[in-house]
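Undergrad: Next up is a structure, given as structure tokens.
The values are calculated or read from the model by the stated rules, or taken from the named source; none is laboratory data. These numbers were taken from a predicted model, which means no experiment stands behind them. Quick reminder, even Gly has a Cβ in these numbers, built from the backbone with ideal geometry, and neighbours come from all protein chains shown.
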């Protein structure tokens, strides 16, 4: 990791930022393929941002911009940054949410999710948000069969399944199959640098989500002087400015 960053700094100091990026273009282009191999996703499904929490909030914003009212089903093990995002979104009327008591529950998680979805009014799109491994308790929440069951329950109601894999990727095998939005950082168990977050999106999420609240030249292309077209793949969730050395 440090060698890659030092190599980038050296190249940038000699060539300048744009020429340095061209010099490392092949390695930078391979990053998404490498991430995809790690979690069973395709490069077009992967967006690179600056943190896992930014990735999660960006995906949630795009889901809210899909044009359908949303009810989020989360748990008492939700990551703090994600919980704050939900609280502020609910305060401005962008969504409603409910919290499942996973730590004290006496019934299986899949049953809790099914009951919560059944209780969600039909005009609301359910989004189920779960950590793969909890940060505070180390509980293995939705890997394996449980995750597949929850994903099926969510899809049957035409909802979306958000998974925060921050404390799982790099520690245990992770498969993004069945998740509509999965996030994790380069740091923690991957032992990468701060400043890189990964967002993996399902093809249905790419097709159905709107654009994030904030977009720039990386996320869309000019069509005419008065029109721009967001990319159809995960690039529309990315920003133009980033440190290539952190990704190498």
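Undergrad: Among the candidates 239, 210, 192, 245, single out the residue that is more than 20 Å from residue 59 (Cα to Cα) and in a loop (DSSP other than H, G, I, E, B). Spell out how you get there, then give the answer.
TA: On the way: 239 fails: more than 20 Å from residue 59 (Cα to Cα); 210 fails: more than 20 Å from residue 59 (Cα to Cα); 245 fails: in a loop (DSSP other than H, G, I, E, B).
Of the residues listed, the single one that is more than 20 Å from residue 59 (Cα to Cα) and in a loop (DSSP other than H, G, I, E, B) is 192.
Undergrad: Which numbered condition in (1) on the phi < 0 side of the Ramachandran plot; (2) modelled with pLDDT of 95 or more is the only one that residue 136 fails?
TA: Residue 136 satisfies all of (1) on the phi < 0 side of the Ramachandran plot; (2) modelled with pLDDT of 95 or more except (2).
Undergrad: OK, next. Picking from 65, 82, which residue would you name as being in contact with a helix residue (DSSP H, G or I) (Cβ under 9 Å, 6 or more places away or on another chain) and in contact (Cβ under 8 Å) with a residue 24 or more places away in the chain?
TA: Being in contact with a helix residue (DSSP H, G or I) (Cβ under 9 Å, 6 or more places away or on another chain) and in contact (Cβ under 8 Å) with a residue 24 or more places away in the chain holds for just one of 65, 82, which is 82.
Undergrad: On the basis of being assigned to a loop (DSSP other than H, G, I, E, B), in contact (Cβ under 8 Å) with a residue 24 or more places away in the chain, in contact with a strand residue (DSSP E or B) (Cβ under 9 Å, 6 or more places away or on another chain) and over 24 Å from residue 42 (Cβ atoms), does residue 121 make the cut?
TA: Values: assigned to a loop (DSSP other than H, G, I, E, B): yes; in contact (Cβ under 8 Å) with a residue 24 or more places away in the chain: yes; in contact with a strand residue (DSSP E or B) (Cβ under 9 Å, 6 or more places away or on another chain): yes; over 24 Å from residue 42 (Cβ atoms): yes.
Answer is yes for this residue.
Undergrad: When the residues of the range 90-112 are narrowed to those that are modelled with pLDDT of 95 or more and loosely packed, with under 15 Cβ neighbours inside 10 Å, which ends up nearest to residue 76 (Cα to Cα)?
TA: 98
Undergrad: How many residues are closer than 15 Å to residue 215 by Cα and either touching a strand residue (DSSP E or B) at 6+ places or on another chain (Cβ under 7 Å) or modelled with pLDDT under 95 (or both) when one looks only at the range 25-59? First the steps, then the outcome.
TA: Of the range 25-59, the ones closer than 15 Å to residue 215 by Cα are 47-50, 54-55, 57-59.
So of that shortlist, the ones also either touching a strand residue (DSSP E or B) at 6+ places or on another chain (Cβ under 7 Å) or modelled with pLDDT under 95 (or both) come out as 47-50, 54-55, 58-59.
Residues meeting the conditions: 8.
Undergrad: Please find, among 152, 204, the residue that is touching a strand residue (DSSP E or B) at 6+ places or on another chain (Cβ under 9 Å) and surrounded by fewer than 16 Cβ atoms within 10 Å (Cβ to Cβ).
TA: Working: 152 fails: touching a strand residue (DSSP E or B) at 6+ places or on another chain (Cβ under 9 Å).
Result: 204 is the single residue among 152, 204 that is touching a strand residue (DSSP E or B) at 6+ places or on another chain (Cβ under 9 Å) and surrounded by fewer than 16 Cβ atoms within 10 Å (Cβ to Cβ).
Undergrad: Further question on the same structure: Of the residues 53, 34, 57, which is closer than 28 Å to residue 168 by Cβ, under 14 Å from the mean Cα position of the chain (by Cα) and without any contact (Cβ under 8 Å) to a residue 60 or more places away in the chain? Steps first, answer last, please.
TA: Numbers: 53 fails: without any contact (Cβ under 8 Å) to a residue 60 or more places away in the chain; 34 fails: under 14 Å from the mean Cα position of the chain (by Cα).
Within the list 53, 34, 57, the selection yields 57.
Undergrad: Cβ contacts < 7 Å: first residue more than 19 Å from residue 54 (Cβ to Cβ), restricted to the range 202-221; second residue assigned to a strand (DSSP E or B), any location; separation 6+ or different chain. Result?
TA: 221/228; 221/229
Undergrad: Then there's this: Report yes if some residue within the range 163-174 is within 25 Å of residue 70 (Cα to Cα), in contact with a helix residue (DSSP H, G or I) (Cβ under 8 Å, 6 or more places away or on another chain), at pLDDT 95 or above and not in a strand (DSSP E or B); otherwise report no. Steps first, please.
TA: Kept after step one, since they are within 25 Å of residue 70 (Cα to Cα), are these residues of the range 163-174: 163-166.
Okay, now just the ones that are also in contact with a helix residue (DSSP H, G or I) (Cβ under 8 Å, 6 or more places away or on another chain), so 163-166.
From what's left, at pLDDT 95 or above: 163-166.
Filter once more, so that each one left must be not in a strand (DSSP E or B): 165-166.
Yes, the range 163-174 contains at least one residue that is within 25 Å of residue 70 (Cα to Cα), in contact with a helix residue (DSSP H, G or I) (Cβ under 8 Å, 6 or more places away or on another chain), at pLDDT 95 or above and not in a strand (DSSP E or B).
Undergrad: Tell me which residues, restricted to the range 17-26, are surrounded by 13 or more Cβ atoms within 10 Å (Cβ to Cβ) and within 21 Å of residue 237 (Cα to Cα).
TA: 21
Undergrad: Same structure, new question: Considering the range 32-43 alone, what residues qualify as being touching a helix residue (DSSP H, G or I) at 6+ places or on another chain (Cβ under 6 Å) and either crowded, with 19+ Cβ neighbours inside 10 Å or more than 11 Å from residue 198 (Cα to Cα) (or both)?
TA: We begin by selecting, within the range 32-43, every residue touching a helix residue (DSSP H, G or I) at 6+ places or on another chain (Cβ under 6 Å); these are 32-33, 36, 42-43.
If the condition is that a residue be touching a helix residue (DSSP H, G or I) at 6+ places or on another chain (Cβ under 6 Å) and either crowded, with 19+ Cβ neighbours inside 10 Å or more than 11 Å from residue 198 (Cα to Cα) (or both), then 32, 33, 42, 43 are the ones that fit.
Undergrad: Which of the residues that make up the range 1-16 are exposed (fewer than 12 other Cβ atoms within 10 Å of the Cβ) and either within 13 Å of residue 245 (Cβ to Cβ) or under 28 Å from the mean Cα position of the chain (by Cα) (or both)? Break it down into steps so the answer makes sense when it comes.
TA: Pass one, the range 1-16, residues exposed (fewer than 12 other Cβ atoms within 10 Å of the Cβ): 2-3, 6, 13-14, 16.
Selection gives 2, 3, 6, 13.
Undergrad: Given the criterion over 18 Å from residue 128 (Cβ atoms) and without any contact (Cβ under 8 Å) to a residue 24 or more places away in the chain, identify the matching residue among 170, 239.
TA: Details: 239 fails: without any contact (Cβ under 8 Å) to a residue 24 or more places away in the chain.
On inspection, the qualifying residue turns out to be 170.
Undergrad: Could you please let me know if residue 228 is touching a strand residue (DSSP E or B) at 6+ places or on another chain (Cβ under 7 Å) and either within 25 Å of residue 29 (Cα to Cα) or not in a strand (DSSP E or B) (or both)?
TA: So residue 228 passes the test.
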